[in-house]
Structure formats: C-alpha cells, structure tokens
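The values are calculated or read from the model by the stated rules, or taken from the named source; none is laboratory data. The model shown is predicted, which means the values in this text are computed figures rather than measured ones. Cβ placement follows ideal geometry from the backbone for every residue including glycine, while neighbour counts extend to all protein chains displayed.
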Amino acid sequence: MSAVNDTNFQFTVFLLTGIPGKEDIYFWISVPFCLMYVISIVGNSVILFIIKTDPSLHEPMYILLSMLAITDLGLSITTIPTILAIFLFNSREISLDACFAQLFFIHLLQGMESSVLLLMAFDCFIAICNPLRYSSILTPPRLAKMGLLCVLRGVVTVLPLPFLLKRFQYCRVNVLSHSYCFYQEVMKMACADITVNNIYGVSTVLLNMGLDSLLIFLSYVMILKTVQSVMSHEECLRALNTCISHLYAVLLFYIPEIGLSVIHRFGNSSSHLLQFVLGYFYLLVPPLINPIVYSMKSKHLRARIIRVFIN
C-alpha cells in the first residue's frame, strides 16, 4: 500500500532507507551502530551521574556539560532505534504521525544543543575575559534560567513544523533517503505548494543555529583579542586550551548540520553519497564523541570517572 506510485493516493506511511544495495550485510552493518548507541548512552549517562553526585563538579562548566549530555542522550534515543530497526529487522515503515513526532524531537534537540554550545562559548568568554566576576555572573540560578530559555526557544520555533507538515497530503514517492525523518526531505514529499514551509524552515535554522553560530564566532573573536592583548604566548596557549573541547563540539555539530541542510535545499543527484554520509554523521557522531572528548580534556572529570570504575 505504501509503495503505490499514484498521485491520487494518500500515503499513510513513509519508508525509511538504510544503505541501498547492502541489504545482505545489514546485520554486520548494525554492529557498529549498536556500539555507537551503547557508547553514546553509557558515556553521556556516566557524565550526568558523575556531575550530579560530585558536589565539587557543581560549577558552571560542568552544569553546561550536563545540559549537553542530556541533549546528546535525547538525540541518540530519538534516532538510533529506527536505524537499528532497519538493519536488524528490515523494518522500514514509519507512520506519518510517528515521523512528524520524530522530526520534531530531532530538530528540537538540535536547537537546544546549539543553544547549549552558545552558553558554553559564553562560559569560556567570561572565564578568560572577566575571570574575577565569573562566579557572580554564572550563578546556578542564572544558568537554570538560561537552560529553561533554551528549551522554550526550541519549543516555540520547532513546534509549528509538524503541524505545517500535517496539513498536507503525501502522494508522491514516499521513500525517504535517511533512516529517520528529516523536515526538509519530508516537506518535499507533499503534493502541495511548500513555499510557506520552506520559508519557515529556513527562518528557523537562521534564528536558531545561524544566530547561535554567529554569536559563538564573535565570542571567540573577543577571546582571541583578550588573550593576545593581556597574556604572554604561553599563557595564551593555556587559556585557549581550556576551550579546545568546546571547539571540537562546535565543529562536530555545525559543519555536518549546515552541510546537510544546504544539500537538501540546493543539492542535486550527484550529492547522494555526501548526503548519506552527513545524514548519519551529524546525528550519531556528536553524542558519541562529546563525552569522550570532554572526559579526556577535563582532568577533574576524568579522575572522577576513573575512580568510579576502579572502585
């Protein structure tokens, strides 16, 4: 029923796509995805547990790291189960409502992660440029309000997306090119004028990730100006070293996300391979790598994690 190619037919499901042409080795392909899922869940859960149970880590940097871990956990839980269902059970069908719900949470959590990365850039900026007022500016109540504002901004901007899609009929080819639902792709399946959806989608990306990435860039410009003007070369390197983990997280998050959005809006058939790679990379790799990078770069966090597993 879902595969009927009739423009007068209203599809009730979408078909997700794994790796075309590799169906015979899906089980073996599922192994690395299972490992990524387990490592992402365990890694971010351990970070949350350590930060929650250790009072010495109740500092702004670690509170923000716990927010990042929560969003990464959410992304893993939202996306990887449908990926594993394809590779383990060849279960490709997803109902329209489930698809809309999935893309809502994907875009909501990505907007929240972008906001958290901006807050972490602000944390680096205050720690380096105004260290004497660091504790008075980034107080726990203020961080809680900032976190709540991140959630509210994400909900307000992303909530209209599934409702804008739900008003359409879907009667074209219902095969999605990813193993999860992505707004830009689902939108193109509609048998109607999608101008409003397209404009709102672009506006949402610019308001969330576009604005956040610009402010993160400006934060690092101010940081570089500060360290070059008041610090020696060695002190400058030490100060910038405290931001390395955050820079890794920013690059892992924004580069694939921006690339995938551009390909979906302006790409052509020659970009299918890049679209496929970025499609898995931008949702699966950051939740996997972020806890590893932060655990390696933070001596205090690394020591607490080692103590938990040794004891």
Evaluate segment 17-25: report whether one residue or more is surrounded by 12 or more Cβ atoms within 10 Å (Cβ to Cβ) and of a type in the set (D, E). yes
Could you go through segment 280-298 and let me know if any residue there is in a helix (DSSP H, G or I), over 21 Å from V31 (Cα atoms) and at pLDDT below 75. no
How many of the residues making up segment 99-138 are without any contact (Cβ under 8 Å) to a residue 60 or more places away in the chain and out of contact with any helix residue (DSSP H, G or I) (no Cβ under 6 Å at 6 or more places or on another chain)? 6
Select the helices (runs of 4 or more DSSP H) contained entirely in segment 122-192, then report the ones holding at least 2 residues which are modelled with pLDDT of 85 or more, surrounded by fewer than 19 Cβ atoms within 10 Å (Cβ to Cβ) and within 19 Å of the chain's Cα centre (by Cα). 140-158
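In segment 193-220, which residues are among the hydrophobic types (A, V, I, L, M, F, W, C) and over 20 Å from the mean Cα position of the chain (by Cα)?
Scanning segment 193-220 gives I194, V196, I199, L218.
How many residues does segment 71-104 contain that are in contact with a Leu (Cβ under 9 Å, 6 or more places away or on another chain) and surrounded by 18 or more Cβ atoms within 10 Å (Cβ to Cβ)? Give the steps one after another, and end with the answer.
Within segment 71-104, the first condition is being in contact with a Leu (Cβ under 9 Å, 6 or more places away or on another chain), and the residues that meet it are 71-76, 78-80, 82-83, 85-86, 91-94, 96, 99-100, 103-104.
Filter once more, so that each one left must be surrounded by 18 or more Cβ atoms within 10 Å (Cβ to Cβ): 71-76, 78-80, 82-83, 85-86, 92, 94, 96, 99-100, 103-104.
The number of residues fulfilling the criteria is 20.
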Of the conditions (1) out of contact with any His (no Cβ under 8 Å at 6 or more places or on another chain); (2) part of a helix (DSSP H, G or I); (3) under 30 Å from S91 (Cα atoms); (4) touching a residue at least 40 places away in the same chain (Cβ under 8 Å), S219 clears all except one; give me its number. (3)
